[in-house]
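**Student:** After the structure tokens below, expect a handful of questions from me.
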Amino acid sequence: MLVRDGDKVHVVPVARVDYFEAQGDSVVLRVGAEKLRKATTLNDLERELDPGRFLRVHRSYILNLDRLAGLELYAKDSRVAILKDGTKLPVSRPGYSRLRGLL
């Protein structure tokens, strides 16, 4: 995946991305401790990604399933995805249903 950062263009292997987060008119890629911004929408990105490896768990997040360590109940009907590095991402009800279907 190509990500422009000012005058630089980063080549980021998609398998290294922990998750994608929607932020306004762009998407932030979290790659380890690094965050890169890409000018695209989460919907467009979701269509391009491998659905066997990446899953939309929330309207604002697409998760790399290889990074998932577990799920926790957060409130009555909401859950959070725990990544292997300890990062917590919200999981919507539809996202949880999709996740359960894959696991």
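We did not get these values from a lab; they are worked out from the coordinates using the rules stated. Note that the coordinates shown come from a computational prediction; the quantities given were computed from them, not determined experimentally. Neighbour counts are summed over all protein chains in view; Cβ atoms, including those assigned to glycine, are modelled from backbone coordinates with ideal geometry.
**Student:** Restricting to DSSP loop positions (anything but H, G, I, E, B) with no more than 15 other Cβ atoms inside 10 Å of their own Cβ, which chymotrypsin sites (Phe, Trp or Tyr not before Pro) remain in segment 29-95?
**Tutor:** Y74
**Student:** Right, next: Sorting S26, S97, S92 on the 10 Å Cβ count, fewest up front, what's the list?
**Tutor:** S97, S26, S92
**Student:** Continuing with this model, one more query. Lysines within cross-link reach of K8: Cα-Cα under 26 Å, excluding same-chain residues under 8 positions apart?
**Tutor:** K35, K38
**Student:** For K84, K76, K38, which order do you get if you count the other beta carbons within 10 Å of each Cβ and list the fewest first?
**Tutor:** K76, K84, K38
**Student:** Pop out the ³J(HN,Hα) list for segment 88-102 in order, Karplus 6.51 cos²θ - 1.76 cosθ + 1.60 with θ = phi - 60°, rounded to Hz; leave Gly and Pro as x.
**Tutor:** Those phi angles translate into 10, 10, x, 10, 6, 4, x, x, 5, 4, 5, 5, 4, x, 8 Hz.
**Student:** Within 10 Å of each residue's Cβ, count the other Cβ atoms and sort I82, I62 from fewest upward.
**Tutor:** The most exposed by this proxy come first: I82, I62.
**Student:** To make sure I understand the rule: partners must be aspartates and glutamates, Cα under 16 Å from the Cα of K84, and not fewer than 8 residues away in the same chain. Which ones qualify?
**Tutor:** D18, E34, D66, E72
**Student:** Collect residues whose amide H, placed 1.01 Å from N in the peptide plane, falls under 5 Å from the amide H of R79; neighbours closer than 5 in sequence don't count.
**Tutor:** Those qualifying (amide H under 5 Å, at least 5 residues apart or on another chain) are Y74, V91.
**Student:** Would you grab the residues whose amide H sits under 5 Å from the one on H58? Only those 5+ places off in sequence or on another chain, please, with H modelled 1.01 Å from N.
**Tutor:** Residues meeting the amide H criterion: S92.
**Student:** Still on this structure, please answer the following. Give, as a single signed number, the net charge of other residues whose beta carbon lies under 12 Å from the beta carbon of L71, with Lys and Arg counted +1 and Asp and Glu -1.
**Tutor:** Once all neighbours under 12 Å are counted, the net charge is +2.
**Student:** For segment 2-102, compute Rg over Rh where Rg is the Cα radius of gyration and Rh is the Kirkwood radius from the inverse mean 1/r over Cα pairs.
**Tutor:** Here Rg/Rh amounts to 0.97.
**Student:** Still on this structure: Show me, for segment 74-85, the HN-Hα J-couplings you get by feeding each phi into the Karplus relation (A = 6.51, B = -1.76, C = 1.60, θ = phi - 60°), rounded to Hz, glycine and proline as x.
**Tutor:** Going residue by residue, I get 9, 9, 3, 10, 10, 9, 10, 8, 9, 7, 4, 8 Hz, with x marking Gly and Pro.
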